[in-house]
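Below: one structure, written as structure tokens.
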Amino acid sequence: MTMTGTSKTVSASLSLRVLAGLLSYPGAELRSHLPEMRDALRTERAISAGRLAELDVLMDALASADPLDAEAAYVQLFDRGRATSLHLFEHVHGDSRDRGPAMIDLAQTYDRAVLCLAPGELPDFLPVVLEFVSTQPPPEARAFLGEISHIFNALFSALRERQSAYASVIGALLELAGEKAQPVKVAPEEPLDASWAEPPAFDGCSPKGRSRPGEPQPIRVVINKVRKDNSAKGAPA
């Protein structure tokens, strides 16, 4: 990375790992390391003072919040909608078939770098991606971040719209990519839980069958032709 106003190239590997941590689930272990994370950002000096001040606000909020509240807010923000998803391919491929091959390609990139995913971890999870980028030489790291800056802009806009302090992390990533945050229009969407919900088997007896409970039930009378003919002949029904 290149510091503003100089030609000196500065590694941002520590900063990238800190940003990866800030985008991870805010459990007790992560929160216990917030002071060291703050010091690492200031020691490396890869991020501007303005962004560092914004990141301080986020870290202060995480440190002072009730642990359960911080964890619940994280889940609500990042796991309940596609616009703020930290899984990058949600923004690129959605539920299309292209997502699977893209996952495989990215996992193979990690394999070539001799990096192993934790059990159950998906390769497109942004903290994982940032951990990988932190291992790359500064020019390659900057170029990699630049290639996904359009996703960062979408995430930044969605988080700003929700007035989330987490937007400062994405703003810092854009800065490390050599890009400016460009607000983009965030399309309204239904939560992921709603879009993935299975439709009820009978939909409460929908109009495709019978009406829903509490609604008038139409009665259809069907004349049994055989019974009518037998009755006409005097035969027992």
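The values are calculated or read from the model by the stated rules, or taken from the named source; none is laboratory data. Here the structure is a predicted model, which is why all the values come from computation and not from measurement. Counting neighbours? That spans all protein chains shown, and the Cβs are built from the backbone with ideal geometry, glycine included. Calculation scope for accessible area: heavy atoms of the full protein, side chains included, ligands and nucleic acids excluded. Shrake-Rupley method; radii C 1.70, N 1.55, O 1.52, S 1.80 Å.
Could you list, in sequence order, all residues of segment 108-133 that are under 22 Å from L174 (Cα atoms) and in contact with a His (Cβ under 7 Å, 6 or more places away or on another chain)?
D124, F125
So is E140 without any contact (Cβ under 8 Å) to a residue 12 or more places away in the chain, surrounded by fewer than 18 Cβ atoms within 10 Å (Cβ to Cβ) and within 22 Å of L174 (Cα to Cα) or not?
Criteria met by E140.
May I ask you to list pairs of residues, at least six apart or on different chains, whose Cβ atoms are under 7 Å apart, with the first in segment 35-46 being more than 15 Å from A63 (Cα to Cα) and the second being open to solvent by less than 80 Å² (accessible area, probe 1.4 Å) and small (G, A, S)?
These pairs meet every condition: L41/S15; E44/A12; E44/S15; A46/A12; A46/S15.
Yes or no, residue by residue, for (1) touching a Phe, Trp or Tyr at 6+ places or on another chain (Cβ under 9 Å); (2) in contact (Cβ under 8 Å) with a residue 24 or more places away in the chain; (3) closer than 18 Å to L41 by Cβ:
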site	(1), (2), (3)
A113	yes, no, no
F144	yes, no, no
A158	no, yes, no
S168	no, yes, yes
E175	no, yes, yes
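Taking helices (runs of 4 or more DSSP H) that fall entirely within segment 40-123, which contain at least 2 residues that are open to solvent by less than 60 Å² (accessible area, probe 1.4 Å) and farther than 19 Å from A158 by Cα? Don't jump to the end; show me each part of the working.
Values: elements: 49-64, 67-78, 88-92, 99-112.
Where helices (runs of 4 or more DSSP H) fall fully within segment 40-123 and carry at least 2 residues being open to solvent by less than 60 Å² (accessible area, probe 1.4 Å) and farther than 19 Å from A158 by Cα, they are 49-64, 67-78, 99-112.
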